[in-house]
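The values are calculated or read from the model by the stated rules, or taken from the named source; none is laboratory data. Not measured: the values here are computed from a predicted model. When we count neighbours, we look across all protein chains shown, and the Cβ atoms used for this are built from the backbone with ideal geometry, even at glycine. SASA here: full protein model, heavy atoms, side chains in, ligands and nucleic acids out. Shrake-Rupley method; radii C 1.70, N 1.55, O 1.52, S 1.80 Å.
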Amino acid sequence: MSYSLIRPAKDDDGPAIKTLIAGIFADYDNCLFVEDEFPELAHPQSYYAAMGGEMWVAEEAGEIVGCLGVGETTVEGLFELFKVYVAKNARGQGLAWSMFNLALDLIDERGGDSIRLWTDTKFAEGHAFYEKIGFERVPVVRFLGDASDTWEYCYRLDARKD
């Protein structure tokens with residue numbers, strides 16, 4: 001197991017985050033990475049800060065191998081997770097769990113009481129992770145109408161209160 005550094009994303013991390021996500025998408029049939037569908041990655045730090053949130057990245061040997069973003073929604077107390085990705089060769093090290101705990105800390109600091117996320121129906125490993133950490137799948141799906149004709153499941157979690 002390699003040592004990983006988790007740090008806040010910077011705006012100039014966008015190209016490396018795009019590479020990470022494109023590599024993960026390549027493992028799935030008809031899961032296309034089309035850069036125009038991810039404008040937030042042009043300036044990830046600024047984008048999530050403008051949403052009242054933050055994005056973190058995990059690095060190994062100078063390469064970004066994971067990311068997770070969180071932002072406030074228009075519903076008071078509800079936050080949303082975005083871009084929860086860990087490269088296949090970096091999974092099982094607790095990177096997603098560590099980044100998720102940073103998001104929980106931010107949500108607690110801002111008085112949030114619940115978290116929502118949307119995830120591609122193809123990402124079974126991700127679904128297992130979300131359920132393991134307490135998220136429950138909401139009985140609704142949405143169609144994105146993107147290049148991959150993506151359908152997504154919705155998950156929700158009541159945030160911790162210390």
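Seen from Trp56, the other residues with C-beta closer than 12 Å to its C-beta sum to a net charge of -1, counting Lys and Arg as +1 and Asp and Glu as -1. Length gained on full extension, Ala128 to Leu32: 32.3 nm, using 0.36 nm per residue less the C-alpha separation. Note on the chain: lysine pairs with Cα distance below 28 Å, sequence gap of 8 or more or different chains, count 14. Restricting to Cα pairs below 8 Å that are 6+ residues apart, what does the relative contact order work out to for the chain? Please round to a whole percent. The value is 19 percent.
Could you work out what % of the accessible surface of the range 30-72 is carbon and sulfur, using a 1.4 angstrom probe and leaving DNA, RNA and ligands out of the count? That fraction is 48 percent.
Want the number for Asp146 to Asp108: 0.36 nm per residue separation, take away the alpha-carbon distance, what's left?
10.4 nm
The ellipsoid equivalent to the alpha-carbon distribution of the range 1-55 has semi-axes of 21, 17, 9 angstrom, derived from the gyration tensor eigenvalues as √(5λ) and listed largest first.
Annotation: for a label point projected 7 angstrom from Cα along Cα→Cβ of Val75, residues of the range 101-122 with backbone N closer than 12 Å are 113-118. Distance from the alpha carbon centroid of the range 85-162 to that of the range 11-40 works out to 17 angstrom. Please find the FRET efficiency linking Asp11 to Glu63, where r is the Cβ-Cβ separation and R0 is fixed at 25 Å, and quote it to the nearest 0.05. In this case the efficiency is close to 0.85. The candidate values are [x] 1.11; [y] 1.21; [z] 0.98; the one derived from this structure for Cα Rg over 2.2 N^0.38 Å carries the label [z]. Rolling a 1.4 Å probe over the protein heavy atoms gives the range 84-133 an accessible area of 47 Å² per residue. Its DSSP H runs of at least 4 residues, each contributing -39,500 (n - 2.57), put the calculated 222 nm mean residue ellipticity of the chain at -8000 deg cm²/dmol, to the nearest 500.
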